[in-house]
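Chemist: Below is a structure I'd like to ask you about.
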Amino acid sequence: MVNRKVVGAHYGLRDWLVQRVTAVIMLVYGIAVAAFVLFASGASFEAWQALFACTWVKVLTTVTVGALVWHAWVGTRDIWMDYAYHTGVRLALHVLTILWLVASFVYSIKVVWGA
């Protein structure tokens, strides 16, 4: 019988799947933006404004930033869990990471939606 203390063991498969799905979302969005740059005739400031004036582009951008935040959280949390051995330090790093990611997401909404 193995006697070990397991903490956070339920994250494995779910986090692996989250990393893959969020990466695909970001890849598709990145390809779409690259296609706009390559194929838009004269991708000027006005063209970017017109593109981001569309509600569906704002929604897709917000979803992509949300995917980026979730992707970053899973990866950063795993780093803290693997390399921050002291529980208090790990908790502080988790809290600071969450605050930074939430603030970044809120700011992205302000930028994209002009709120």
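Chemist: Among the residues of region 62-74, count how many are open to solvent by 60 Å² or more (accessible area, probe 1.4 Å) and either touching a strand residue (DSSP E or B) at 6+ places or on another chain (Cβ under 9 Å) or farther than 18 Å from V33 by Cβ (or both).
Modeler: 1
Chemist: Can T76 be described as under 27 Å from G114 (Cα atoms), part of a helix (DSSP H, G or I) and of a type outside the set (D, E)?
Modeler: no
Chemist: Name the residues in region 15-65 that are of a type in the set (S, T, N, Q) and without any contact (Cβ under 8 Å) to a residue 12 or more places away in the chain, would you?
Modeler: S41, S44, Q49, T55 - these are the residues of region 15-65 that are of a type in the set (S, T, N, Q) and without any contact (Cβ under 8 Å) to a residue 12 or more places away in the chain.
Chemist: Answer yes or no as to whether T76 is touching a helix residue (DSSP H, G or I) at 6+ places or on another chain (Cβ under 6 Å), of a type in the set (V, I, T) and in contact (Cβ under 8 Å) with a residue 40 or more places away in the chain.
Modeler: Answer is no for this residue.
Per-residue answers, yes or no, for (1) loosely packed, with under 13 Cβ neighbours inside 10 Å; (2) among the hydroxyl-bearing types (S, T, Y):
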position	(1), (2)
C54	yes, no
V59	yes, no
T76	no, yes
A84	no, no
T87	yes, yes
L91	yes, no
L101	no, no
W113	no, no
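Chemist: For region 56-84, give me each residue that is under 17 Å from L96 (Cβ atoms) and among the polar types (S, T, N, Q).
Modeler: Matches in region 56-84: T76 only.
Chemist: Give just the number: which of (1) loosely packed, with under 13 Cβ neighbours inside 10 Å; (2) part of a loop (DSSP other than H, G, I, E, B) does G12 not satisfy?
Modeler: It is condition (2) that G12 fails.
The values are calculated or read from the model by the stated rules, or taken from the named source; none is laboratory data. Owing to the predicted nature of the structure, the values given are computational and were not obtained by experimental measurement. FYI the Cβ positions are ideal-geometry reconstructions off the backbone, even for glycines, and counts take in every protein chain you see. Please note that ligands, DNA and RNA were not included when accessible areas were found on the heavy atoms of the full protein model with its side chains. Shrake-Rupley method; radii C 1.70, N 1.55, O 1.52, S 1.80 Å.
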